[in-house]
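Visitor: Next up is a structure, given as structure tokens.
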Amino acid sequence: MEQRNQNLVAWGLGSLGVVLGGVGVLLFSDSGRRVLRAASERIWHAQNQFELWNESTQRELDRIKETLNQLAKTLQEVQS
């Protein structure tokens, strides 16, 4: 059990080193900063796109709800 825990710690520390190295490359290299800048711009504009999608989805759901209400009303009239 002790050996297994030591192996897990070694893998964890190694993985941490790889992650920190990757972050360092992104932050301290020109190409890494360009990638981060482009990603942040896409994320910034994605919010607007999500809002547009949300509004159109809400309109479509409202239209479906209205259609279902009309259908239910028609069915009730037929059954009466």
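All of the numbers you see were taken from the coordinates with simple rules; none came from a lab. None of these values were measured; they are calculated from a predicted model. We place every Cβ from the backbone using ideal geometry, glycine too, and count neighbours over all the protein chains shown.
Visitor: Need the full-extension length gain, E41 to N69, defined as separation in residues times 0.36 nm minus the C-alpha distance. One decimal, nm. Mind dumping the intermediate values first?
Guide: Numbers: separation 28, 0.36 × 28 = 10.08 nm, distance 4.24 nm.
Roughly 5.8 nm would be gained on extension.
Visitor: Follow-up. Output the 0 to 90 degree angle, nearest 10, between the alpha-carbon long axis of helix 30-79 and the longest principal axis computed from the alpha carbons of the chain.
Guide: Tilt relative to the chain: about 20 degrees.
Visitor: Helix 2-28 versus the longest principal axis of the chain: what is the Cα-based angle in degrees, 0 to 90, to the nearest 10?
Guide: Helix 2-28 and the main axis of the chain meet at about 80 degrees.
Visitor: Please name which of A38, L68, V19 has its Cα lying farthest along the dipole of the chain towards the positive end, using unit charges on Cβ (Lys, Arg +1; Asp, Glu -1) and the Cα centre as origin.
Guide: The listed residue farthest towards the positive side: V19.
Visitor: Once you've got the GNM for the chain with C-alpha springs shorter than 10 Å, pick whichever of W53, W44, W11 has the biggest mean-square fluctuation.
Guide: It is W11.
Visitor: For region 2-79, give the magnitude of the charge dipole about the Cα centre (Cβ charges: +1 Lys/Arg, -1 Asp/Glu; no others), in debye to the nearest 20. Don't skip to the answer; put the middle values down first.
Guide: On the way: 9 positive and 9 negative charges, 52 e Å.
With Lys and Arg at +1 and Asp and Glu at -1, about 240 debye.
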